[in-house]
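What follows is one structure encoded as structure tokens, with my remarks underneath.
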Amino acid sequence: MLRKAFLANLIVSIFGLVTYCFAEDLPKSEKEKSELAKVMDEIDKYYKAVEQISGYYKYSPNDWKVISESSSNIAKLAKIVIRKFSRPDDQKYQDLNKMMLAESEKMFEVANRKDEQGALEDAQWQVRRLRQTCALCHKHLGIHIYPQLYPGKKDELQPEQVEIPVPK
Ligand code: HEC
């Protein structure tokens, strides 16, 4: 009798443990997000807006508006990351944040000279440069997010992409 009670107890505990483990495994969105993660989500929204149109062979005035607004927003957010979420003990992280800011500012400059020859290609190039800063930092920190964010894309850094060195 006692033995049975013990067994029943054990089974209940195991179930409890299993549920507990799975609860720990909940996707990130169900947990409380860090402040930095929230800023990243914002950055991601603007980044995706420019990435979505980056394959076009011609940009409409509205597309240029998207590029201009998204890049200036990414620059603002990058400044927040630099100011509020600095990691003085991680130089590469610091450099890549500055690189994200620099590349988004360059993208904004391109949008300002949208009528000049080559502006389209320059804007597309900037999308790639920006994407690399995201990829390099996430890779540096071992954050693997893009498989979920962009289903079908295995790695953030595509095989044919060459790492652009971090400026000194
Ligand atoms: C210098 C480092 C760095 C750069 C550059 C960077 N990220 Fe991040 N990113 C992080 C860190 C750190 C986290 C994890 C934040 C956390 O969970 O607290 C993160 C997380 C994320 C997340 C997940 C947020 C969530 O909901 O959990 C997304 C999306 C993201 N970044 C998008 C981007 C995009 C898009 C870019 C480029 C335009 C970018 N990041 C550039 C460091 C960086």
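Checked against (1) more than 9 Å from the ligand (Cβ to nearest atom); (2) part of a helix (DSSP H, G or I); (3) without any contact (Cβ under 8 Å) to a residue 24 or more places away in the chain; (4) closer than 20 Å to SER34 by Cα, GLU109 meets all criteria but (4). Taking the criterion of being crowded, with 19+ Cβ neighbours inside 10 Å, aromatic (Phe, Trp, Tyr) and away from the ligand (no atom under 16 Å from the Cβ), the residues of the range 41-67 that qualify are TYR59, TRP64. Looking at (1) near the ligand (Cβ under 9 Å from one of its atoms); (2) modelled with pLDDT of 95 or more; (3) of a type outside the set (D, E, K, R), which is the one condition that is false for VAL127? Result: VAL127 fails condition (1) only. With respect to the conditions (1) closer than 22 Å to ILE67 by Cα; (2) modelled with pLDDT under 60, PHE108 lacks only one, and its number is (2).
Taken over the range 120-149, the residue count meeting the criterion of being over 23 Å from MET40 (Cα atoms) and either under 19 Å from the mean Cα position of the chain (by Cα) or in contact (Cβ under 8 Å) with a residue 24 or more places away in the chain (or both) is 1.
The values are calculated or read from the model by the stated rules, or taken from the named source; none is laboratory data. All of these numbers come straight from a predicted model, not from anything done at the bench. Neighbour counts are summed over all protein chains in view; Cβ atoms, including those assigned to glycine, are modelled from backbone coordinates with ideal geometry.
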